[in-house]
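Chemist: Mind having a look at this structure? Questions to follow.
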């Protein structure tokens, strides 16, 4: 069995765009006619530029190869251009293609992917959800409203979720770390307080940040949040500054998590060695794929750290996360995004059952991709999957973060 054909579909979720502006799906077909699906979580260049990168990685390192030879293909891509170091864009391309190889292998053997990774360790996987506006909420006001956040959290708990994530401490700017505005700290405390009161002890609070603070600023914010006992403080400073992140971890009782922007064991290992984080959050469509993150999970075991795969993408990466999570002993939880489009794109083949995910017994990734639906929603915008703002932190008038997706009017402009 050899890898023969590649097809790339860039699909755009309808507004308000939970999961990002677009998802890059890849479909591989073997010379025996078996197809596999993957998803490239690659957001540092646009999809028009990413398409030839994916094609180059496939034709250069994978075409004509047995899909079993994942280690060999990974080493080819990792070493490409005489580098042997993680390249965000190349790994973003390879990761989606690698996921598709696992889907093929599972289908060829009529077994779920987790059965090929050492078997099923977990019958159920704890899920968590980001706090999104409820249908009656004002979407523009939601992100700075503790009351709406609390209402959304209570709704999530009513649906069975035992953990909810929110990130009111914007902004996320291209300027690197900054000291949080006092208004940002006050809003963060107010949201934590309201959500804690709404969920009580029924759910953990997951405080999200995206590397936007200085070390001192992150510690200052963490101290203000500690009374509400969040389960994690996510990527409080830029993720490549591991020594400084370790200082944050040492200064707070809140466990530090990180990983959605990291690639391969080469970038995760230093985090573990430095004690910079005890919860790792890889994006499987970027970090090197399923096999590479299986290795990272094994390394994390040695450091008594846990895995919580990140998801701000489409449902194919979600399926890959579940396959990995089912096979490892140190899974903490998996991020989920429940929208009609996520479900429709895989024909309802992943369900959240009372706040938990049940790994499918179906072969491969266990999903049925609606290819026609994916093609019917092409991305026609110019924005990247996610973008940071250029404007600095506003210390006079406050800041607002729109939940990882642009406002509806911004989507329409793009």
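Chemist: Contact order normalised by length for the range 290-382, with contacts defined as Cα pairs under 8 Å and 6 or more residues apart; what percent is it?
Modeler: On the way: 90 pairs, mean separation 23.4, N = 93.
After rounding, I find 25 percent.
Chemist: Figure the gain on full extension for residue 124 and residue 376 (residue separation times 0.36 nm, minus the Cα-Cα span) and round it to one decimal in nm.
Modeler: On the way: separation 252, 0.36 × 252 = 90.72 nm, distance 3.35 nm.
My answer for the length gained is 87.4 nm.
Chemist: Still on this structure: Express in whole angstrom the spacing between the alpha-carbon centres of the range 1-71 and the range 318-397.
Modeler: What the calculation gives is 16 Å, centre to centre.
Chemist: Separate question: On a 0 to 90° scale, report how tilted helix 182-199 is relative to the longest principal axis of the chain, with both axes built from alpha carbons and the result rounded to the nearest 10.
Modeler: Between the helix axis and the principal axis of the chain, the angle is about 80 degrees.
Chemist: Go ahead and collect, in residue order, the members of the range 184-208 whose backbone nitrogen is under 18 Å from a label point 7 Å along the Cα-Cβ direction of residue 223.
Modeler: Inside the label zone: 184-190.
Chemist: Also: How are the Cα pair distances of the range 3-112 distributed, in percent, across 10 Å bins from 0?
Modeler: For the range 3-112, the binned pair fractions read 15, 47, 30, 8, 0 percent.
Chemist: May I ask you to work out the translational diffusion coefficient for the range 308-366 at 4 °C, viscosity 1.567 mPa s, via Stokes-Einstein with Rh from the Kirkwood sum over Cα pairs, reported in whole µm²/s?
Modeler: Working: Rh = 11.7 Å.
After rounding, the answer is 111 µm²/s.
Chemist: So, one more: Using the reciprocal of the averaged 1/r over all distinct C-alpha pairs, how large is the Kirkwood radius of the range 52-145 in Å?
Modeler: Values: mean 1/r = 0.0606 Å⁻¹.
For the range 52-145, the Kirkwood estimate is 16.5 Å.
Chemist: Oh, and also: Using the count of nearby Cβ atoms within 10 Å as a rough guide to exposure, how do 48, 7, 87 rank from fewest to most? Before the final figure, lay out the partial values.
Modeler: Details: 48 10, 7 13, 87 17.
Listed from fewest to most nearby Cβ atoms, that is 48, 7, 87.
Chemist: Cβ neighbours within 10 Å, averaged per peptide: list 124-137, 248-261, 309-322 in order, most packed at the top.
Modeler: Highest-to-lowest ranking by the protection proxy: 309-322, 248-261, 124-137.
Chemist: Also, quick follow-up: Which FRET efficiency value, to the nearest 0.05, is calculated for residue 76 and residue 397 with the Förster distance at 35 angstrom and r the Cβ-Cβ distance? Could you put the intermediate results ahead of the total?
Modeler: Working: r = 51 Å, r/R0 = 1.45.
Between residue 76 and residue 397 the formula returns 0.10.
Chemist: Based on DSSP H runs of at least 4 residues, each adding -39500 (n - 2.57), what is the mean residue ellipticity at 222 nm of the chain after dividing by all its residues, to the nearest 500 deg cm²/dmol? Show your work: numbers first, answer last.
Modeler: Values: 14 runs with 157 residues, N = 414.
Dividing the helical sum by the residues of the chain leaves -11500 deg cm²/dmol.
Chemist: Moving on to the next point. Take residue 368, project a point 7 Å from its Cα along the Cβ direction, then tell me which residues of the range 342-357 have their backbone nitrogen under 17 Å from it.
Modeler: Within reach of a label on residue 368: 342-352.
Rule-based calculations on the coordinates, nothing more; no lab input. All of these numbers come straight from a predicted model, not from anything done at the bench. No Cβ is skipped: glycine too gets one built from the backbone with ideal geometry, and neighbour counts run over all protein chains shown.
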